[in-house]
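Worksheet: the structure to be examined is printed underneath.
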Amino acid sequence: MVLGGFVLLHLGNHVAGFAGQDVHRSVQLALRWLYRGWPEPVLLAACAIQIATGLRLIWLRRSIAWSSALQPLSGAYLAAFLAIHVFAVLQARLGGIDTDLAFAAAGLHAGAWKFFFAPYYGLAVLAFGMHLSVPLGRRNPGMARMLVLASTGLALGLVTLLAGWITPLEIPAELIRAHGRTP
Ligand code: HEM
């Protein structure tokens, strides 16, 4: 619940970026007031618990039929994404970098790194929607299909935003250079 609530606010924050980098910044500062400080260890613990319990569930199932693979596959991707994403954010913060929209977008502006970062972010948003759609689909298949459709649209929209195609983005050159030599 803690992680799910955070992710909804977090994605809402990125949607605010469609109105410009300044709007994204204002919303982010307001939300940080909610999740930075004492709530942050709770959020990070929720991430660790979600990754550990999710991977354990996948391990216990051993054989997975293709027809019911959506939840374990999306969960496995989310586990890998969360671990890398949170580590990258915390490491950048320790290095004194402000982890704002420019930080998230820098990878898509660092030469061939865009071929990594575009699917990396896009699939995370899609996997989040797909993961939730499975339990929802048991009660309401129509709503579950809508959720998958909405998360596909959101994934494409956010990657387009990070690429700077929706609104111009100011990204400090050092953030782009921090990705090192392009692969
Ligand atoms: C387009 C997709 C995404 C982008 C561009 C993005 C970007 C970011 C950025 C910039 C931060 C730093 C926030 C801050 O400093 O206030 C952050 C933190 C975080 N993100 Fe994401 N994120 C995305 C999707 C996700 C998804 C799908 C999840 C979860 C499944 C997630 C989980 C987190 C968590 C747990 C944090 C750490 C919060 C903290 O302790 O500061 N993100 N993300």
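Residues of the range 91-145 that are under 21 Å from Gln71 (Cβ atoms) and over 18 Å from the mean Cα position of the chain (by Cα): Val134, Pro135, Leu136, Gly137, Arg138, Arg139, Asn140, Pro141, Gly142, Met143, Ala144, Arg145.
Within the range 75-92, the residues that satisfy the criterion of being farther than 22 Å from Leu161 by Cβ and surrounded by 13 or more Cβ atoms within 10 Å (Cβ to Cβ) are Gly75, Ala76, Ala79, Ala80, Ala83, Leu90.
Conditions (1) touching an Asp or Glu at 6+ places or on another chain (Cβ under 6 Å); (2) surrounded by 15 or more Cβ atoms within 10 Å (Cβ to Cβ); (3) on the phi < 0 side of the Ramachandran plot; (4) not β-branched (Val, Ile, Thr), marked per residue:
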{"site": "Val125", "(1), (2), (3), (4)": "no, yes, yes, no"}
{"site": "Leu136", "(1), (2), (3), (4)": "no, yes, yes, yes"}
{"site": "Pro141", "(1), (2), (3), (4)": "no, no, yes, yes"}
{"site": "Ala144", "(1), (2), (3), (4)": "no, yes, yes, yes"}
{"site": "Leu149", "(1), (2), (3), (4)": "no, no, yes, yes"}
{"site": "Gly157", "(1), (2), (3), (4)": "no, yes, yes, yes"}
{"site": "Ala163", "(1), (2), (3), (4)": "no, yes, yes, yes"}
{"site": "Leu169", "(1), (2), (3), (4)": "no, yes, yes, yes"}
{"site": "Ala178", "(1), (2), (3), (4)": "no, yes, yes, yes"}
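Is there a residue being closer than 30 Å to Ala173 by Cβ and polar (S, T, N, Q) anywhere in the range 82-94? Yes; the residues of the range 82-94 include at least one that is closer than 30 Å to Ala173 by Cβ and polar (S, T, N, Q). Cβ-Cβ contacts under 7 Å between residues 6 or more apart (or on different chains), taken from a first residue in the range 52-71 that is within 21 Å of Leu123 (Cα to Cα) to a second residue that is in a helix (DSSP H, G or I) and among the aliphatic types (A, V, I, L, M), are listed as Gly54/Ala79; Leu55/Ala79; Ile58/Ala76; Leu70/Met130; Leu70/Val134; Gln71/Val134.
Among the residues of the range 26-38, those identified as within 9 Å of the ligand (Cβ to nearest atom) and either under 10 Å from Leu3 (Cα atoms) or surrounded by 13 or more Cβ atoms within 10 Å (Cβ to Cβ) (or both) are Gln28, Leu31, Arg32, Tyr35. Per the conditions (1) surrounded by 18 or more Cβ atoms within 10 Å (Cβ to Cβ); (2) farther than 22 Å from Ser26 by Cα; (3) hydrophobic (A, V, I, L, M, F, W, C), the sole criterion not satisfied by Ala112 is (1). Looking at the structure I just gave you, is Gly95 among the small types (Gly, Ala, Ser) and touching a residue at least 40 places away in the same chain (Cβ under 8 Å)? The answer is no for Gly95.
A short reminder: the numbers here are calculations on the coordinates, not readings from a lab. Just so we're clear, the structure is a prediction, and the values are computed from it rather than from any experiment. Please note: Cβ atoms are built from the backbone with ideal geometry, for glycine as well, and neighbour counts cover all protein chains shown.
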